[in-house]
Amino acid sequence: MHTVKKTGKLALATAAFVLLAACSNTPAAEPEATATPVQTEQPAAETPAPSQSPEPSASVSPSEGPEEGTPPTALEAASTVMRALENGNMDTLSAWVSRDQGVRFSPYGYVDTEHDLVFTHEEISGLMKDSEQRTWGSFQGSGEPIKLTFAEYFKRFVYDADFVNDARISLNQAENKGTMINNINEVYPAGKYDYVDYHISSIDPQYQGMDWRSLRLVFEKIGEDRILAGIVHDEWTP
């Protein structure tokens, strides 16, 4: 009898121990369950594509000017102004003109500070619609006065060739092909001004280069900023 009782107690103890072990082994499966979030987080860590995409910087070209808040170089300023001239955008042009000194228009390579016309920042915007005829100097060769409206002068002595697409661009260096004296460095000294020369060596081959054109955009240097001070047209003269 005692042996049976002991055996029964031993069996009960063994069963209790097995049940307890089974209960204690249940949490062992938890690491497998917690492995799933770790795996789902991995793709998220591998998707930095938007920040690595080159598209934003690739969409910006030098001709669009400097980034916002960055002072333009003379070449960047000239590119923006020349685009405005190409499109006849006087509002953009006026934004580059000095509020104090205005911008001087010279029909030929010799800058005539006595007779060349100067327009203020406020006047520029409405000039294309202005019907007043002004005297802009004298035609080289004939000596006749250049009496034109601004729109007429613009077509003849400003954007009279495709400077945006056809010109060779130089900084502070002009193509001097004509007989007229080029005094741009005297009127606009290098220490205070930069100018960008747009030169087209020939428009129609039959004229063998005698129809060359230049347009020089002069910028006053104010610290790191650039202000449009002069628009100097040049061409072959007899």
Of the residues in the range 208-238, those that are surrounded by 15 or more Cβ atoms within 10 Å (Cβ to Cβ) and within 19 Å of residue 82 (Cβ to Cβ) number 20
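For residue 84, state whether it is of a type in the set (A, V, I, L, M), without any contact (Cβ under 8 Å) to a residue 24 or more places away in the chain and open to solvent by less than 60 Å² (accessible area, probe 1.4 Å).
On the way: of a type in the set (A, V, I, L, M): yes; without any contact (Cβ under 8 Å) to a residue 24 or more places away in the chain: yes; open to solvent by less than 60 Å² (accessible area, probe 1.4 Å): yes.
Judged against the criteria, residue 84 is a match.
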Restricted to the range 88-132 and to residues being over 28 Å from residue 144 (Cα atoms) and among the small types (Gly, Ala, Ser), the residue modelled with the lowest pLDDT is 98
Taking the range 177-194 and keeping only residues that are at pLDDT 90 or above and in a loop (DSSP other than H, G, I, E, B), one is left with 181, 182, 183, 188, 189, 190, 191, 192
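Kindly indicate which of 195, 188, 153, 159 is surrounded by 17 or more Cβ atoms within 10 Å (Cβ to Cβ), under 19 Å from residue 111 (Cβ atoms) and touching a Lys or Arg at 6+ places or on another chain (Cβ under 6 Å).
Working: 188 fails: touching a Lys or Arg at 6+ places or on another chain (Cβ under 6 Å); 153 fails: touching a Lys or Arg at 6+ places or on another chain (Cβ under 6 Å); 159 fails: touching a Lys or Arg at 6+ places or on another chain (Cβ under 6 Å).
From the options 195, 188, 153, 159, the qualifying one is 195.
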The correct count of residues that are surrounded by 15 or more Cβ atoms within 10 Å (Cβ to Cβ), touching a helix residue (DSSP H, G or I) at 6+ places or on another chain (Cβ under 6 Å) and over 17 Å from residue 218 (Cα atoms) in the range 122-150 is 4
Of 197, 211, the only residue that is assigned to a loop (DSSP other than H, G, I, E, B) and either free of Cβ contacts under 8 Å to residues at least 60 places away in the same chain or among the β-branched types (Val, Ile, Thr) (or both) is 211
Residue count, the range 95-121, condition free of Cβ contacts under 8 Å to residues at least 12 places away in the same chain and open to solvent by less than 20 Å² (accessible area, probe 1.4 Å), comes to 0
Every listed condition ((1) out of contact with any strand residue (DSSP E or B) (no Cβ under 6 Å at 6 or more places or on another chain); (2) open to solvent by 20 Å² or more (accessible area, probe 1.4 Å); (3) under 15 Å from residue 234 (Cβ atoms); (4) not β-branched (Val, Ile, Thr)) holds for residue 183 save (2)
Take residue 174 and decide whether it is open to solvent by 40 Å² or more (accessible area, probe 1.4 Å), hydrophobic (A, V, I, L, M, F, W, C), in a loop (DSSP other than H, G, I, E, B) and within 28 Å of residue 222 (Cα to Cα). no
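The values are calculated or read from the model by the stated rules, or taken from the named source; none is laboratory data. Because the structure is a prediction, the values reported are computed rather than measured. Positions of Cβ are backbone-derived with ideal geometry, glycine not excepted, and every protein chain shown enters the neighbour counts. What goes into the accessible areas is simple: the full protein's heavy atoms, side chains included, and nothing from ligands, DNA or RNA. Shrake-Rupley method; radii C 1.70, N 1.55, O 1.52, S 1.80 Å.
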